[in-house]
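Take a look at the structure below.
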Amino acid sequence: MDNRIVTVDSRDWTSPKAGLVPDLEAGRVLFFPELRFELAPDEQKLLRPDVRDEKSRNISLRNDGVLAGAALQGEEAARLAAMIGRFRTQASALIDAIAPAYKPALRLAPTSYRPTQVESRVQSWRADDRRLHVDAFPSRPNRGERILRVFTNLNPNGEPRVWRVGEAFEDIARRFVPRAKPYVAWQAQVLKTLHVTKSLRTEYDHLMLQLHDGMKGDPDYQRSSPQVEMPFPPGSTWVCYSDQTSHAVMSGQFMMEQTLHLPAQAQVDPQASPLAILERQTGRRLT
Ligand code: SIN
Ligand code: FE
């Protein structure tokens with residue numbers, strides 16, 4: 001397996017970072033070991049799991065400034081929202097610094113803060129992110145739109161966030177596309193009518209879910225496919241296209257995450273996108 005992780009020596013979020021887009025668009029992880037998200041002393045107090053409402057998986061800050069999933073009130077809730085909002089600003093500045101050409105086409109998703117210990121989560125195999133996968137969401141079809149993510153480890157006890165990073169998307173597709181169930185247009189229509197999906201699940205969305213489930217549901221693949229273990233230390237930041245980079249999270253606690261969406265056509269090289277790769281492999285239009 002070629003190197004799936006590219007280390008970048010930078011300590012600031014905003015200065016231009018030229019030359020990284022080809023690696024990013026090839027599905028590599030850009031790893032910034034020294035790019036720290038600084039917390040104020042009174043923000044350190046928010047590094048505890050009970051700031052999360054038990055009914056929510058994560059805490060998130062929406063674009064309109066509304067905080068969701070937190071179990072805090074008043075001044076503490078405002079402090080948490082401000083902390084997450086600052087990460088939102090820095091994460092978008094980082095993407096602008098890496099890929100200035102994306103700027104007019106980017107759409108920011110809510111920002112999330114994950115204070116829960118990864119090892120303690122109990123989940124079905126399909127929701128279990130400790131298994132290698134590419135991101136694809138059953139209820140949210142995206143027609144090939146990209147999922148670009150910025151992560152930072154905030155752990156105050158020196159614990160890394162440990163990922164596994166797997167093989168390149170072309171290799172995943174070569175292995176799992178031939179095993180995929182066929183797309184059935186009328187079923188996609190029914191899912192939309194019943195509001196199981198927020199919009200029509202295209203053949204692209206169907207195939208991405210088949211890759212996601214095919215990977216997670218195959219214990220042999222989880223064990224034996226090409227992969228590297230990567231401990232992201234506290235004070236480090238990493239960026240990848242999570243719909244393309246095969247990843248699994250094995251352990252860790254206290255992380256911030258920002259998702260940005262980009263139409264595949266707005267990439268520097270649209271031919272490197274999962275949509276283009278899947279269309280080449282299947283020989284047909286998928287959206
Ligand atoms: C994921 O996107 O699979 C989870 C990543 C993480 O929580 O570190
Ligand atoms: Fe994921």
Among the candidates Asp42, Asp12, residue that is within 20 Å of Thr89 (Cα to Cα) and in a loop (DSSP other than H, G, I, E, B): Asp12
Filtering the stretch 97-122 down to residues that are touching a strand residue (DSSP E or B) at 6+ places or on another chain (Cβ under 8 Å) and under 17 Å from Glu25 (Cβ atoms), which residue is surrounded by the fewest Cβ atoms within 10 Å (Cβ to Cβ)? Ala105
Restrict the check to the stretch 66-83 and report whether at least one residue is modelled with pLDDT of 95 or more, over 24 Å from Ala26 (Cβ atoms) and within 13 Å of ligand 1 (Cβ to nearest atom). no
How about the stretch 239-251: which of its residues are crowded, with 21+ Cβ neighbours inside 10 Å, polar (S, T, N, Q) and within 12 Å of ligand 1 (Cβ to nearest atom)? Ser242, Thr245, Ser246
Report yes if some residue within the stretch 111-133 is away from ligand 1 (no atom under 16 Å from the Cβ) and more than 21 Å from Thr237 (Cα to Cα); otherwise report no. no
Single residue of Gln265, Gln258, Gln271, Gln189 found to be of a type in the set (S, T, N, Q) and under 19 Å from the mean Cα position of the chain (by Cα): Gln258
Kindly indicate the residue of the stretch 252-278 that is outside any loop (DSSP other than H, G, I, E, B), polar (S, T, N, Q) and farther than 18 Å from Pro33 by Cα and also nearest to ligand 1 (Cβ to nearest atom) among those meeting that condition. Thr259
For residues in the stretch 116-169 being aromatic (Phe, Trp, Tyr) and touching a Phe, Trp or Tyr at 6+ places or on another chain (Cβ under 7 Å), which is farthest from Leu47 (Cα to Cα)? Trp163
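The values are calculated or read from the model by the stated rules, or taken from the named source; none is laboratory data. Everything numeric in this text was worked out from a predicted model, so none of it was measured. For neighbour counting, all protein chains shown are included, and Cβ atoms are generated from backbone atoms with ideal geometry for every residue, glycine included.
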